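Enquirer: I have a structure I would like to understand better, so I am pasting it below and will then ask my questions one at a time.
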Amino acid sequence: MHARKLIFTALVGLLPAGGTLAQESNANALELINQNCVRCHDNSVYGRPEGARRVNNWDELHKQVRRCELMLGLKWFDEDVAVVSSHLNSQFYKFPVPQTQTAPAE
């Protein structure tokens, strides 16, 4: 578990200084992941082959992040679910994001 937190913390350290909205969103997503998501799983769940994935598109990913948030009783804002979903998508899944549902900039 400690190694997982180190991995995510290291990723935050790679962010360039400057404080743009995209960087702040990414840092916020990583903080939420470090504090919550690594309780149950590590990066291996995101790297599963397509046939073994629990989610197969942007909508399923967003719903799964929301489901996890609710199961843990986190009471995140919609924006928190969106930035975590967007971060996971940009780093691991690479699903196209529907025009009607824009993801925060990464």
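Computed from the coordinates by the stated procedures, all read-outs in this text should not be read as laboratory data. Quick caveat: nothing in here was measured; it's all calculated off a predicted structure. Because the Cβ atoms are built from the backbone with ideal geometry, glycine has one as well, and the counts that use them run over all protein chains shown.
Enquirer: Using label points projected 7 Å from each Cα along Cα→Cβ, tell me how many nm separate LYS63 and GLN23, to one decimal.
Expert: Label-label distance for LYS63 and GLN23, simple model: 3.7 nm.
Enquirer: May I pose another question? Quick one: dipole size for segment 35-106, taken about the Cα centre, charges +1 on Lys/Arg Cβ and -1 on Asp/Glu Cβ, in debye to the nearest 20.
Expert: Charge dipole, segment 35-106, about its Cα centre: 260 debye, nearest 20.
Enquirer: Quick one: net charge around ASP80, please, counting Lys, Arg +1 and Asp, Glu -1 for every other residue with C-beta under 13 Å from its C-beta.
Expert: -3
Enquirer: Kindly write out, for segment 85-99 in residue order, the coupling ³J(HN,Hα) from the Karplus curve 6.51 cos²θ - 1.76 cosθ + 1.60 (θ = phi - 60°), rounded to whole Hz, with x marking Gly and Pro.
Expert: Going residue by residue, I get 4, 5, 5, 4, 5, 5, 8, 10, 8, 6, 6, x, 9, x, 4 Hz, with x marking Gly and Pro.
Enquirer: Using θ = phi - 60° and the Karplus relation 6.51 cos²θ - 1.76 cosθ + 1.60, list the HN-Hα couplings for segment 76-83 in order, rounded to whole Hz, with x at every Gly or Pro.
Expert: 6, 6, 4, 5, 5, 4, 5, 6
Enquirer: Sorting PHE95, PHE77 on the 10 Å Cβ count, fewest up front, what's the list?
Expert: The order, fewest Cβ neighbours first, is PHE77, PHE95.
Enquirer: Right, next: Could you give each residue of segment 42-55 its phi-based ³J(HN,Hα) in whole Hz, using Karplus coefficients 6.51, -1.76, 1.60 with θ = phi - 60°, and x for Gly or Pro?
Expert: Calculated HN-Hα couplings, in order: 10, 4, 4, 5, 7, x, 5, x, 3, x, 9, 6, 7, 10 Hz.
Enquirer: Based on the mean of other beta carbon atoms within 10 Å per residue, what is the order of 58-64, 86-92, most packed first? Walk me through the intermediate numbers first.
Expert: On the way: 58-64: 17.4, 86-92: 19.9.
Output ranking for 58-64, 86-92: 86-92, 58-64.
Enquirer: For GLU69, GLU50, GLU24, GLU79, what's the fewest-to-most ordering of other Cβ within 10 Å of each Cβ? Walk me through the numbers on the way to the answer.
Expert: On the way: GLU69 19, GLU50 7, GLU24 14, GLU79 11.
Placing the least packed residue first, the sequence is GLU50, GLU79, GLU24, GLU69.
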